[in-house]
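Undergrad: Pasting in a structure now, in C-alpha cells, and then I'll have a few things to ask.
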Amino acid sequence: MRSAALIAGAAATALVAAGAITYAVAEDGGSSTNSPTPTADSADAGFARDMAVHHQQAVEMSYIVRDRTKNVEVRRLAYDIAQTQANQRGMLLGWLDLWNLPKVSADPPMTWMGMGDMASGKDGALMPGMATNTELKKLNTLSGKPAEVFFLQLMTDHHKGGIHMAEGCVEKCRVGVEKRLAQGMVDAQQSEIQLMADMLKERGAKARS
C-alpha cells in the first residue's frame with residue numbers, strides 16, 4: 001500500500017509540474033529568452049512532434065507488459081514509465097497547440113536533428129530505439145519472466161533512442177522550459193536504464209546492445 005501511495009503522489013506531483021511548465025510557456029510566448037514563437041521546422045517543434053510519437057510507444061509497451069506479468073517490480077516500473085511519458089507527451093502536444101503548429105510533418109522524423117534519413121520506418125520503427133511491429137506482437141504473446149525480459153530489453157533500447165533525441169533538444173531547442181524538460185528526460189531515462197540492467201541481471205539476461 002505504501003508503494004502505491006508513493007506512486008500516486010509522484011504522479012500527482014508530475015501533473016502539477018506539467019501545468020506549471022505549460023503555463024510558463026504560455027506566459028513567455030514560447031521562450032524564456034523572449035525569442036519568437038517556434039516555427040514548424042524548428043528544433044523545438046520537431047522534438048515535440050517526434051518525442052510525442054516516441055513516448056506513445058513506450059506507454060503502449062508498458063501497458064502490454066503490465067497485463068503479461070504479475071511481478072510487482074516490473075509492473076511498478078511499467079506504471080511509472082506509462083504515467084511519466086503519457087504526461088510528458090501531453091505537455092509536448094500542448095506546446096504545439098500553444099504555438100499554433102501542426103502535430104504532424106511531411107518531413108521524416110529526426111529531420112530537426114539533421115538525421116532525417118537515419119530511421120527507415122521499416123516495420124513501424126519510425127525512430128532510433130523504437131520497437132518494430134513484429135517485436136510488439138511478440139511481446140503480446142509472452143507472459144511471466146520471458147515477457148519481463150523482453151520488455152526490459154525493448155525499453156532499454158527505447159530509452160537509449162529517447163536520450164539521443166532529448167540530448168539533441170538540449171543542444172538545439174530554444175525554448176527554455178522545453179530544454180529543461182529534455183534534460184530531465186535524459187537524467188531520468190539514464191537512471192532507468194541502470195535499473196533495468198540490474199533487473200535483467202536478476203533474471204539471467206542483459207540488454208541487447
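The values are calculated or read from the model by the stated rules, or taken from the named source; none is laboratory data. Note that the structure is predicted; figures quoted are calculated from it, not measured. Cβ sites come from the backbone with ideal geometry, for glycine too, and all protein chains shown count toward neighbours. Please note that ligands, DNA and RNA were not included when accessible areas were found on the heavy atoms of the full protein model with its side chains. Shrake-Rupley method; radii C 1.70, N 1.55, O 1.52, S 1.80 Å.
Undergrad: Within region 99-110, can one find any residue that is without any contact (Cβ under 8 Å) to a residue 40 or more places away in the chain and either over 24 Å from F47 (Cβ atoms) or assigned to a helix (DSSP H, G or I) (or both)?
TA: No, region 99-110 has no match at all.
Undergrad: Output the residue which, of all residues in region 40-91 that are of a type in the set (D, E, K, R) and in contact with a Ser or Thr (Cβ under 7 Å, 6 or more places away or on another chain), is surrounded by the fewest Cβ atoms within 10 Å (Cβ to Cβ). Spell out how you get there, then give the answer.
TA: The initial filter retains those residues of region 40-91 that are of a type in the set (D, E, K, R), namely 41, 44, 49-50, 60, 66-68, 70, 73, 75-76, 80, 89.
Next, only the ones that are in contact with a Ser or Thr (Cβ under 7 Å, 6 or more places away or on another chain) stay: 49, 68, 75-76.
On the way: R49: 23, R68: 22, R75: 17, R76: 15.
Only one residue fits best here, namely R76.
Undergrad: How about region 51-99: which of its residues are over 17 Å from the mean Cα position of the chain (by Cα) and polar (S, T, N, Q)?
TA: Correct list: T69, N71.
Undergrad: Any residue at all in region 123-131 that's assigned to a helix (DSSP H, G or I) and without any contact (Cβ under 8 Å) to a residue 60 or more places away in the chain? Steps first, answer last, please.
TA: The initial filter retains those residues of region 123-131 that are assigned to a helix (DSSP H, G or I), namely 123-124.
Now narrow it down to the ones that are without any contact (Cβ under 8 Å) to a residue 60 or more places away in the chain: 123-124.
Checked against the condition, which is being assigned to a helix (DSSP H, G or I) and without any contact (Cβ under 8 Å) to a residue 60 or more places away in the chain, region 123-131 yields at least one hit.
Undergrad: Do the conditions hold for H159, that is, is it open to solvent by less than 20 Å² (accessible area, probe 1.4 Å), of a type outside the set (D, E) and assigned to a helix (DSSP H, G or I)?
TA: Values: open to solvent by less than 20 Å² (accessible area, probe 1.4 Å): yes; of a type outside the set (D, E): yes; assigned to a helix (DSSP H, G or I): yes.
Considered against the rule, which asks whether it is open to solvent by less than 20 Å² (accessible area, probe 1.4 Å), of a type outside the set (D, E) and assigned to a helix (DSSP H, G or I), H159 comes out as yes.
Undergrad: Could you grab me the full set of residues in region 111-122 that are surrounded by 14 or more Cβ atoms within 10 Å (Cβ to Cβ) and either in contact (Cβ under 8 Å) with a residue 60 or more places away in the chain or in a helix (DSSP H, G or I) (or both)? Lay out the reasoning, then the answer.
TA: Keep residues of region 111-122 that are surrounded by 14 or more Cβ atoms within 10 Å (Cβ to Cβ), which gives 111-113, 115, 118-119.
Those that are surrounded by 14 or more Cβ atoms within 10 Å (Cβ to Cβ) and either in contact (Cβ under 8 Å) with a residue 60 or more places away in the chain or in a helix (DSSP H, G or I) (or both): T111, W112, M113.
Undergrad: Another question about this same structure. Here is a list: E171, E167, E148. Which entry is crowded, with 16+ Cβ neighbours inside 10 Å and assigned to a helix (DSSP H, G or I)? Walk me through how you get there before you give the answer.
TA: Working: E171 fails: crowded, with 16+ Cβ neighbours inside 10 Å; E167 fails: crowded, with 16+ Cβ neighbours inside 10 Å.
Selected residue: E148, the only one of E171, E167, E148 that is crowded, with 16+ Cβ neighbours inside 10 Å and assigned to a helix (DSSP H, G or I).
Undergrad: Kindly provide the set of residues from region 174-194 that are of a type in the set (A, V, I, L, M, F, W, C), surrounded by fewer than 23 Cβ atoms within 10 Å (Cβ to Cβ) and farther than 18 Å from V59 by Cα, ordered by number.
TA: V177
Undergrad: Report yes if V53 is part of a helix (DSSP H, G or I), closer than 19 Å to T141 by Cβ and in contact (Cβ under 8 Å) with a residue 60 or more places away in the chain, otherwise no.
TA: Values: part of a helix (DSSP H, G or I): yes; closer than 19 Å to T141 by Cβ: no; in contact (Cβ under 8 Å) with a residue 60 or more places away in the chain: yes.
For V53, the condition - part of a helix (DSSP H, G or I), closer than 19 Å to T141 by Cβ and in contact (Cβ under 8 Å) with a residue 60 or more places away in the chain - is not met.
Undergrad: Please work out which residue is modelled with the lowest pLDDT, limiting yourself to region 109-163 and to residues that are on the phi > 0 side of the Ramachandran plot and of a type outside the set (D, E, K, R). Before the answer, list the steps.
TA: Initially, region 109-163 is screened for residues on the phi > 0 side of the Ramachandran plot, giving 110, 114, 121, 123-124, 129, 144.
Then drop every residue that is not of a type outside the set (D, E, K, R), which leaves 110, 114, 121, 124, 129, 144.
On the way: M110: 93, G114: 91, G121: 71, G124: 86, G129: 93, G144: 97.
So, considering only residues that are on the phi > 0 side of the Ramachandran plot and of a type outside the set (D, E, K, R), the one modelled with the lowest pLDDT is G121.
Undergrad: Next question, about the same structure. Would you pick out the residues in region 195-207 that are open to solvent by 10 Å² or more (accessible area, probe 1.4 Å) and among the hydrophobic types (A, V, I, L, M, F, W, C)? Steps first, please.
TA: At the first step, the residues of region 195-207 found to be open to solvent by 10 Å² or more (accessible area, probe 1.4 Å) are 195, 197-198, 201-207.
Of everything in region 195-207, those that are open to solvent by 10 Å² or more (accessible area, probe 1.4 Å) and among the hydrophobic types (A, V, I, L, M, F, W, C) turn out to be L195, A197, A205, A207.
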